[in-house]
Each structure stands twice: as structure tokens, then as C-alpha cells.
Amino acid sequence: MNSELHKKQLILAILRILERYSDENHPLTQQMIKTRLEKDYNMTASNKAIKNNLELLEEFGYDICYTVIPRGSGASDIKTDYYLIHKLSDGQLQLLIDNVVFSGKLPKNQAKELVDTLYSLSSDHFKTKAIIASMPDSATTTNQSLFLNIETLNEAIRRERGVSFHYLEYHTDSKLHKRIRADGSVREYIINPYYLVTKGGRNYLICNNDKHDSLSNYRVDRIADIRILENKVRKPISALKDSNGAPLDLKKYMDEHIYMFAGKSVRAQLRVKKFLLDEMYDRFGSSIRFKDESEDSVTAVVTANESALLQFAKELMPHIELLSPRSVREKLTADLTEAMRCYSAEKN
């Protein structure tokens, strides 16, 4: 091998060895690095060359740790037990991998590719001890465009441009189909995109449909055929109805839209059993206010989307009573009356 080429390749090989085989609990001596060079790359190097390249990697900004053994009597100290500090800890990687595996929001092939990429960010030792469940066959989408959608929407948001897309929905054949108009033509959405967010393990686009003057939320994994509209400057969010000319308070919006249903938010009071307080904080955030506390229940004051309030009250009845606003309580009463009628009727 050409000596110059060998020198250039040597530093990369040493870096790969540190990435793959070292961590805080598995440091490598120079001799161990030398052995790996011979075994994995069929390369030979002196201890001095290995030491010099390790120092170069440090100078380039790689976070390499080692143990210093003092020699005394004016002799140079000895450096040994080298390891690379990886960008993500094992706990962080486990969390990310578990979220990918169990999210059910990616087609299985894309989920596996992403898990393999996450694996590559740590050493081989992580792979031997990580507890990774097998990939379930329970993905709720077959749309292969999620990553492309995210990249395109990020670019459109950054450049303040509108986008167009088709929207997918499931039919009884268990396949995704493009949403159509009453005349059978495919419906095209012209959208002003503002934010990409995650709620309940799903990715959403917070945006404005160009035909309306309010915010909408769309599932990113249901978007197809997306394209940036180069000639359409995005409508400012401050120009929408109810914005009062101000930018969106994203935390407040997410707290109020617990299911990401579109529609206005209202101030509401709910009588809640106290064993559900953790659930209340999970759903509505820390902006909840409490009053009229008794031994087993309390009144919670929240601001939330009307449709979300109805859904939440139905999910957790009879442990929650929606006290106000009256209009939402009346709608809930009507829904429950209809449900009672359905379940009381005899079926053939």
C-alpha cells in the first residue's frame, strides 16, 4: 500500500475502531487498537503512529478519554485505556429505539432502517446488552413518504412557502386512498405550513388551509405527493382569525388540543376523581387550576378544544363530569342519550 495513502487511511481506521469497540466501560490500549487494525483492516502501525493519530483526533475535536500513568524522573507520562465518548448515551439510544419500535407510525422497513442507524451511533457493546423487542407487524400506515414529507415541510416552513398535497385515508379494504371530492376527483390541499409537532406518538402539521381563516392539523404520515409552491408566499400566522395579530403560543396550543382536533378552545370545568390527576396533567399540562377539593374529587379548570373535551369526558366517564360550558355539556348529554338509544335497542 502507498505510504501516504496508508497514513490517510490509518487515522480513519483508528476512529472507526474507537467508535465500534470502545466506551467508558470498554477502553482500548494501544496494543488492542493495533490488534484491531490488523484484524479488521489488514493494516499495521507502530505504537508511536497510533499515539500520534489519537492525539490528532483529539485536536480535530473528537471527545477521546484516556488514563495517564505518571512515569516520573522527567520521563513522559504514559497514556492508555482510550475510549470515545459517544454522542448519545446508552439510555438515550434505548429510549429513541423503543420509540421507533413501538410507535407503529412507520412502515416496518423504514422503522428497521432507522433502528439500524441508531444502533450505529454507539459501540458494539451496546448492541450486546440492549433489550430491543422484535419489530411488531402493527404499523398503522403503509405510506413510505413520512421522512420525505418531514424534510419538505421543514424546507417550506424555513423558506415561508406554501405547499400542496393529497391526503390519505383508510377504506374498508385496509388500504390508504387519496381523499376525493363529491364528484370523485382527487382533492388537492393548498396549505400554509407553520409547525411540525408530535402528539400521542403521531406527527402533525399545524397549518392553515388556504380556503379558511383558522388553524388546521394534519397527520404527516397521511400526506402524499407533497410539493413546495415556489410562487406562493406563506400567509403569516398573525393574519389568521383569533390570532389577534400575534404569533402562535405553541405550548398553549398543544395543551389545549389534546387530540389535535381542529376548532376553537373554550374554558371548561370538570369534576374529576382525584385518582385521575396524573392523567389530567398528562393531557392538559401544568396550566390546570383546581378548586372545590373534597376527599375523593376536585374541580379542574382547563382551557381546551371543544371536540377534545367531549372525547376526553367520554373516555373517562363516569369518573369525570363536564360541568361547563353549558353548550358543550348539552352536546355531551345529546351524545350520551344517542348512545343509550343505540345500546338499548335490540339487535337482530
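No lab work stands behind these numbers, since they all come straight from the coordinates. Keep in mind that this is a model prediction, so the values were computed, not measured. Every residue, glycine among them, receives a Cβ derived from its backbone with ideal geometry; neighbour counts consider all protein chains shown.
Its Cα centre serving as origin, segment 228-341 has a Cβ charge dipole (Lys and Arg +1, Asp and Glu -1) of approximately 520 debye. Modelled label positions at residue 155 and residue 346, each set 7 Å beyond Cα in the direction of Cβ, lie 6.4 nm from each other. Helical runs (DSSP H, four residues minimum) scored at -39500 (n - 2.57) apiece and divided by the length of the chain put the mean residue ellipticity at 222 nm at -12000 deg cm²/dmol. Note: relative contact order over the chain, using C-alpha pairs below 8 Å and six or more positions apart, is 10 percent. Spacing of the modelled spin labels on residue 317 and residue 129, each 7 Å from Cα toward Cβ, amounts to 5.1 nm.
The label point for residue 108 and the one for residue 301, both projected 7 Å from the Cα toward the Cβ, are 5.2 nm apart. Here is the list for segment 50-108: chymotrypsin sites (Phe, Trp or Tyr not before Pro) lying in DSSP coil, each with at most 10 other C-beta atoms within 10 angstrom of its C-beta, are 60. With contacts taken as Cα pairs under 8 Å and at least 6 residues apart, segment 275-334 reaches a relative contact order of 19 percent. Structural descriptor for segment 195-348: relative contact order 18 percent, calculated from alpha carbon pairs under 8 angstrom and at least 6 residues apart.
Hey, what's the Kirkwood Rh for segment 265-344 if you take every pair of different alpha carbons, in angstrom? All intermediate terms of the calculation are to be shown ahead of the outcome.
Working: mean 1/r = 0.0773 Å⁻¹.
Over segment 265-344, the inverse of the mean reciprocal pair distance is 12.9 Å.
With the dipole of the chain worked out from charges on the C-beta (+1 for Lys and Arg, -1 for Asp and Glu) around the Cα centre, which of 297, 153, 233 lies farthest toward the positive end? The Cα lying farthest towards the positive end belongs to 233.
Which of the following values of Cα Rg over 2.2 N^0.38 Å was calculated from the structure shown: (1) 0.98; (2) 1.41; (3) 1.26? Working out Cα Rg over 2.2 N^0.38 Å from the coordinates points to (2). Under a model in which nothing but the beta-carbon of Lys, Arg (+1) and Asp, Glu (-1) is charged, the chain shows a dipole of about 700 debye around its Cα centre.
Multiplying the residue separation of residue 174 and residue 6 by 0.36 nm and removing their Cα-Cα distance gives an extension gain of 54.9 nm.
When the pairs 48/87; 8/79; 211/241; 7/51 are compared against a 21 Å limit on Cα-Cα distance, 48/87; 8/79 fall above it.
Among 65, 342, the order by Cβ neighbours within 10 angstrom, fewest to most, reads 342, 65.
Fully extending the segment from residue 279 to residue 148 would add 43.8 nm, taking 0.36 nm per residue of separation and subtracting the current Cα-Cα distance.
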